[in-house]
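Notes follow once the structure below has been shown.
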Amino acid sequence: MKTSKLITNIFFAAPFIIAACTPTTAKLHYADKVNMDTTYSTSTMELESERIPDSVFQMTNLRYLAINGMDCDYGSTNCWQINEIPSNIKNLKNLKELGLTLNAITTIPKELTELSNLKSIDLTDNAGLQDINNLTKLKNLEFLYLYGCRLTKLPDNISDLKNLKELGLVGNSLDKNEQERIKKALPNCVVKF
């Protein structure tokens, strides 16, 4: 892949990143100045692949990584979705925001917990997501979006995310007891069910 193709799908023009919160609203998060050293934003359709390119993990100044998958419900013969976060993610020590929406990720690797600068994660519409226990080790996390992931339960130690400001859970299968437990565990967090 040519380096010039790396940043072809940047969807913002100001020094802000728009992260989906619900189907009808958006949240703005501050980002470092947009340039090829700090930002990588594309889609699996552009990549024509279901993998995060190895070259991304060599971008050690990366602050923002977003790769949108494809909605494969429409019978497309070429439908690409990322199904795992590679262990090489640990190389991105400066990463602040990670967005892997509309993909097929099922588990969060322990290597992600090595990213102490990570403030925001958007895994919206990863409907097969089951094991998110490693997310509770990201103590500096402020924004976590798990919309449409069909989760039935969050980790018992979700309260470890003491810096969490916003948690998006619309489109999951959390019963009333689980919702109440989450709200009590995160009293300073805006939780959207």
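Here are the numbers for this structure:
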item	result
Net charge contributed by nearby residues that have their C-beta within less than 13 Å of Phe193 (K/R +1, D/E -1)	0
Relative packing of peptides 84-95, 152-163, 118-129 - highest average C-beta neighbours within 10 Å first	118-129, 84-95, 152-163
Estimated FRET transfer efficiency (Lys176, Thr60; beta-carbon r; R0 30 Å; 0.05)	0.10
Rounded Å value of the spacing that divides the Cα centres of the range 148-166 and the range 50-119	19 Å
Cα gyration tensor shape of the range 80-193, rounded if a/c is under 1.5, else prolate or oblate by comparing a/b with b/c	oblate
Backbone N under 15 Å from the Asn140 label point (7 Å along Cα→Cβ), restricted to the range 79-114	90-98, 112-114
Potential extension, Lys162-Asn78 segment - 0.36 nm per residue separation minus Cα distance	26.1 nm
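Read-outs throughout are calculated quantities, based only on the coordinates presented, and are distinct from any laboratory measurement. Everything quoted here is computed from the prediction, not taken from an experiment. With ideal geometry, Cβ positions are generated from the backbone for all residues, glycine too; neighbour counts draw on all protein chains shown.
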